[in-house]
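The values are calculated or read from the model by the stated rules, or taken from the named source; none is laboratory data. Computed from a predicted structure; not experimentally measured. All Cβ positions, even for glycine, are placed from backbone atoms using ideal geometry, and neighbour counts span all protein chains on display. Note: areas computed on protein heavy atoms with side chains; ligands, DNA, RNA excluded. Shrake-Rupley method; radii C 1.70, N 1.55, O 1.52, S 1.80 Å.
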Amino acid sequence: MEIVWFKHDLRIRDHAPLTDAAATGPVLALFLHEPDIILAPDFSASHGAFIRECLDSLNAALQERGAELVEMTGSATEVFEKIWQQQPFATLWSHEETGNWVSYQRDKQVAAWCRQRGVLWRQYPQNGVLRGLTSRTKRDWLAELEAYSSSEPVKAPRNIVPSRLDPMLAEPVTPLQGAGHDKPGRIKGGRAEAIRLLTEFVRTKIIRYPQSISSPLTAEHGCSRLSPFLAQGVITMREIVLAMNRRVGSPDMASNAYRQERLISALRFFADRLSWRAGYFQNMESMPRLEFDNIHPGMTGLREEQFDAARFVQWKNGETGYPMVDAAMKMLHHTGWINMRLRGMVLSFAVNELWLHWREPALFLAREFVDYEPAIHYNQMQIHAGTAGAGSMLAYNPVKQAQELDPKGVFVRRWLPALQAVPDAYIFEPWTMSPAVQADCGVTIGSDYPAPLVDHLKAAREARSRVADAQVAAGIRQRAGSGSAGQKRSGSTQAGLF
Ligand SMILES: Cc1cc2nc3c(=O)[nH]c(=O)nc-3n(C[C@H](O)[C@H](O)[C@H](O)COP(=O)(O)OP(=O)(O)OC[C@H]3O[C@@H](n4cnc5c(N)ncnc54)[C@H](O)[C@@H]3O)c2cc1C
């Protein structure tokens, strides 16, 4: 019996462990509902619901090839031991996982259990990660990433001979819920949806992608929305790259040099983001404690001493008094997704203007983001908080961002109906309305909509200066005016990596 352990790789195509195991012998396709993962503070009900849909779609694909997905509940080592007691097996097949601390510890326990039982654990690389990379340069890594992403995806096995478990072992699973509730506007999981999104994106949207990603008015429908599918491994980076290359070579593109050139430039822009993703994975491979510890140890102590719990709650609830921050939070509550610029803005408001340590906001956002991916997530937390090292700290002015990205307040009014009648001139700074204007539009600041939690300009200035002082003290940067690494106010700098 060949056990194929599905984790964040819920697909049958481009799944080398499954293909190789199926060529070796009867396969037990296994997914585990692991309490340690589900009860961890970064897991939520919407993750669980999205994964459920992906599991159903994976099971359907396996059934078409003669197998089926077996789901069991328990810690990995407990379950493997139970199966082994019934039917000893020689090989465990899976992908390598670059996940959170819980999965890292779990993998160490599984490795120890395999050694004890003489089971060979064949783990395959994924997400462009080179495990054990120590001395290679960024250029070597990028070359390998390019070779991987431009190679053909692994074909799904045509037939899979199933290996069945004693029905006593494959008892029906009692799903563990995960924190909170599922989101009414959440994207649906499953392979068919991933392929639909990819096809639509590559055919019609990608050409306008670079211009669409920043404003929430265009990003919702202009971005690929593939992130949760990538996070659960429903689709792979290599499959996406293949679809993009096919589009470039398609007859309508080949016959129009101008369009083809625009397409290629948009594809490069998009592919850059996929390679950032891979870069964050590689980074996390060598920093498994990234979710707890500052990337730069010299920044320890910066925010640890104070945590204003009341501010944290108001931020989580979308009640900061800054309409763009609050609207973004409301959209996130409803859908589990906001675009990158808004992610940066809400986070930077928490860690800079509200001066909250990044760990609790990170966990909250992890539960909220249906596409939560520890490697990207914690790197981004630290880049925004200024704890990632040279040049890091991203601070966004929420009023300027609103003026730039949502000039007429369409997004803000959509998610904050209380501000519907506020005149355009005040929509991003409603606290500046005089009592007469408030009475006129029927919106009272402090009761219909919160007064601002902080003076954002003053708070951001203080945060910048505290971070700068700490970075100087840690020897990461020089004093201002002496050629120091500056802070960026907006943009997409991926500081501190490679
Ligand atoms: C504070 C913060 C937290 C984030 N947390 C996550 C997270 O938990 N999970 C997650 O997938 N992305 C995260 N991102 C990155 C980015 O915001 C999302 O990947 C993107 O918004 C997902 O939507 P999309 O699939 O439509 O992206 P697209 O714009 O269509 O991009 C395609 C893919 O490229 C990758 N990508 C895009 N932007 C980035 C980036 N900046 N860094 C790394 N990879 C990127 C993602 O895999 C994404 O699915 C975070 C960004 C910030 C600023």
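Qualifying GluC sites (Glu not before Pro) in the stretch 270-361, where qualification requires a DSSP coil assignment and no more than 11 other C-beta atoms within 10 Å, comprise GLU304, GLU305.
Taking 0.36 nm per residue of separation and subtracting the current Cα-Cα distance, fully stretching the chain between MET287 and ALA60 would add 78.0 nm. The three principal axes of the C-alpha atoms in the stretch 297-473 carry coordinate ranges of 53, 33, 29 Å, sorted with the longest axis first.
The stretch 3-37 and the stretch 402-426 have their alpha-carbon centroids 48 Å apart. Here the stretch 331-365 is scanned for amide nitrogen atoms under 17 Å from the site 7 Å beyond the Cα of ARG52 along Cα-to-Cβ, giving 336.
Please grab the % of Cα pairs in the stretch 191-285 that end up more than 23 Å from each other. Percent of Cα pairs beyond 23 Å in the stretch 191-285: 24. Contact order for the stretch 6-136, expressed relative to its length and based on alpha carbon pairs under 8 Å spaced 6+ residues apart, stands at 29 percent. Charged side chains reduced to their Cβ positions (Lys and Arg at +1, Asp and Glu at -1) give the stretch 27-122 a dipole of some 400 debye around its Cα centre.
The relative contact order of the stretch 297-473, computed from alpha carbon pairs under 8 Å that lie at least 6 residues apart in sequence, is 28 percent. Using the Cβ atoms and a cut-off under 13 Å, what net charge is assigned to the surroundings of LEU453, where Lys and Arg are +1 and Asp and Glu are -1? Summing Lys/Arg as +1 and Asp/Glu as -1 gives -2. Taken along its principal axes, the alpha carbon cloud of the stretch 271-372 reaches lengths of 39, 36, 19 Å, longest axis first. Counting only residues at least eight positions apart within a chain, or on another chain, the lysines with an alpha carbon under 20 Å from that of LYS155 are LYS7. Run through the stretch 231-309 and list the trypsin sites (Lys or Arg not before Pro) located in a DSSP loop whose Cβ has at most 12 other Cβ atoms within 10 Å. Hits after loop and neighbour filter: ARG289. Computed extension length for ARG414-ASP448: 10.7 nm, one decimal, from 0.36 nm per residue of separation with the Cα-Cα distance subtracted.
Between VAL202, ASN283, PRO157, the Cα set farthest toward the positive side of the dipole of the chain (charges on each charged residue's Cβ, about the Cα centre) is that of VAL202.
To the nearest 20 Debye, how big is the dipole of the chain about its Cα centre, given +1 on the beta carbon of each Lys and Arg and -1 on that of each Asp and Glu? Don't jump to the answer; show the numbers that get you there.
Values: 56 positive and 53 negative charges, 270 e Å.
So the dipole magnitude of the chain works out to roughly 1300 debye.
Volume of the convex hull of the chain (Cα atoms only), normalised per residue: 165 Å³. The calculated 222 nm mean residue ellipticity attributable to helices in the chain amounts to -14500 deg cm²/dmol, summing -39500 (n - 2.57) over DSSP H runs of n ≥ 4 and dividing by all residues.
Per residue, the accessible area of the chain comes to 43 Å², computed with a 1.4 Å probe over protein heavy atoms only.
For the chain, relative contact order (Cα pairs under 8 Å, six or more residues apart, normalised by length) works out to 17 percent. Distance between Cα centroids, the stretch 246-260 to the stretch 321-336: provide it in whole Å. Their Cα centres are 39 Å away from one another.
Estimated from the Cβ-Cβ distance and a Förster radius of 51 angstrom, the FRET efficiency linking ARG208 and VAL161 is about 0.65. Could you tell me whether the stretch 2-124 comes out rounded, prolate or oblate from its Cα gyration tensor? Rule is a ≥ b ≥ c as square roots of the eigenvalues, rounded for a/c under 1.5, then prolate if a/b exceeds b/c, otherwise oblate. Since a/c reaches 1.5 but b/c is at least a/b, the shape of the stretch 2-124 is classed as oblate.
Starting from the stretch 59-92, pick out the chymotrypsin sites (Phe, Trp or Tyr not before Pro) whose DSSP state is loop and whose Cβ has at most 14 other Cβ atoms within 10 Å. Listed in order of number, the matching sites amount to none. Here the stretch 179-229 and the stretch 372-388 have alpha carbon centers that stand 22 Å from each other. One decimal place: the segment ASP252-SER75 gains 58.5 nm when fully extended, by the rule 0.36 nm per residue minus the C-alpha distance.
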